[in-house]
Amino acid sequence: RRSTVVFAQAAPGEPPAKLEPILVRAAKGLPTERPPAWMMRQAGRYMQEYRDLATKHPSFRKRSETTDLIVEITLQPWRAFQPDGVILFSDILTPLPAIGIPFEIDDYKGPVLEKPIRDAEGLKMIHKLDLGMLPFVGESLKILRHEVGDSAAVLGFVGSPWTLATYIVEGGSSSTYKTIKSMTMTQPLVLKAILEAVADAIGEYVGFQIDAGAQCVQIFDSWGGQLPPHMWEEWSKPYINIVVDKVRSTHPGVPLTLYANGSGGLLERMATTGVDCIGLDWTIDMEDGRRRVGNKSVQGNVDPAVLFAPPEAVEKAVRDVVRKAGPTGHILNLGHGVLVGTPEENVKVFFDTARKCVYPVE
């Protein structure tokens, strides 16, 4: 892969055309001078600044659904490390109440849905997406675009329909997914109705985020990797396709990234969903993953545990991933979210190293 940086030309008499943020260009597979970098969960408990704020505002729902707090938390890692992507501080479950599915966050159990949907009667709870219940998302993205300016890309994100359905059906987090997996055989029509309703809402929610300022949106199929490939083809991919097609029809120029944890058996299939960029987890060799997704851009995939090692090990891991990814269409990231307890100084090493990786990287 060869990389040449191309600058847009303005017509005579017009102001110079502005380049899109480096992360947006990389997601689209356009030339960049270096790999843009951000981290999943880059705003969070590993940062002392976040822990101090969380002490004052102990409710996660309040932190993730109050405009001023969302903006402050989102900007904490941007001010500290200058990543190329600034991702909205939110949660994949945030839009669920706006389709009639309330939830709570338990400090020990995580998300709790008191009324899981497992039969046709439960489907009556679900209604069309009410964006009036999500003003803090739009307000926060607008402010972030203003605050960040042209220095980084503002990123939105959503959960995939399958991943959101695991919470809707299981009633919270699960380690086995036995209820929803059994529903694929015992109540397939009910499960398909859930997935279709969620896909329709999420497609609209992505467009709402883009209209408010998101320049790139990541779809987290977090629990898609729990499905065998043939089941993923039937129960996750078609509903991701609905989301992607809806966004393409309304916002055709905005790049989409698809990430699924434990997706080593799914990469070729993920590349056929119509997204621009495939997120790789840390268990996949970058060179192998790059080959398997064809001409798609890739994101990832440094092992989050490396950030607990000495700085020189962090630098080596970053350079290794960048070298294997090649000089076009690569967004540097971890292969999963930042782990609690990660030393902040090593997060800085990660980003500093990324900025030094000017192509070609030896």
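The values are calculated or read from the model by the stated rules, or taken from the named source; none is laboratory data. Note that the structure is a prediction, hence the values are computed from the model and not measured. Here the Cβ is made from the backbone with ideal geometry for all residues, glycine too, and neighbour counts use every protein chain on show. What goes into the accessible areas is simple: the full protein's heavy atoms, side chains included, and nothing from ligands, DNA or RNA. Shrake-Rupley method; radii C 1.70, N 1.55, O 1.52, S 1.80 Å.
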> In a GNM of the chain with a 10 Å cut-off on Cα contacts, which of K316, K296, K124 has the highest mean-square fluctuation?
Replying inline: K124
> Counting alpha carbon pairs within less than 8 Å and at least 6 residues apart, what relative contact order, in whole percent, applies to the chain?
Replying inline: 22 percent
> What is the list of residues in the stretch 70-110 whose amide nitrogen lies under 20 Å from a point 7 angstrom out from the Cα of D352, following Cα to Cβ?
Replying inline: 76-85
>> As a test of the formula, what do you get for the chain when each DSSP H run with n ≥ 4 contributes -39,500 (n - 2.57) and the sum is divided by the residue count, at 222 nm and rounded to the nearest 500 deg cm²/dmol?
In response: -13000 deg cm²/dmol
> For T176 and L339, what does the FRET efficiency come to when R0 = 25 Å and r is the distance between their Cβ atoms, rounded to the nearest 0.05?
Replying inline: 0.60
> How much net charge surrounds I242 when only other residues with a Cβ under 15 Å from its Cβ are counted (Lys, Arg +1; Asp, Glu -1)?
Replying inline: -2
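Return an integer: the convex hull volume of the alpha-carbon atoms of the chain, in Å³ per residue.
On the way: hull volume 48.1 nm³, N = 362.
Given the Cα convex hull of the chain, per-residue volume reads 133 Å³.
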>> I'd like the FRET efficiency for R319 and A120, computed as 1/(1 + (r/R0)^6) with the beta carbon distance as r and R0 of 56 Å, rounded to 0.05.
In response: 0.55
> K192: which lysines have alpha carbons under 28 Å from its alpha carbon, excluding same-chain residues fewer than 8 sequence positions away?
Replying inline: K109, K115, K124, K128, K178, K181, K237, K246
>> At 0.36 nm per residue, and after removing the present C-alpha to C-alpha distance, how many nm does the segment from K56 to M185 gain when stretched out fully?
In response: 41.8 nm
> Fully extended, how many nm does the chain gain between A305 and D106 (0.36 nm per residue separation, minus their Cα-Cα distance)?
Replying inline: 69.0 nm
>> If you fit an axis through the alpha-carbon atoms of helix 344-356 and take the longest principal axis of the Cα set of the chain, what angle between them do you get, 0 to 90°, nearest 10?
In response: 50 degrees
>> On a 1.4 Å probe surface of the protein chains, which of S59, S140 comes out largest in accessible area, and what is the full order?
In response: S59, S140
> Cross-link partners among aspartates and glutamates for K356, C-alpha distance below 15 Å, same-chain residues fewer than 8 apart left out?
Replying inline: E33, D84, E312, E315, D320
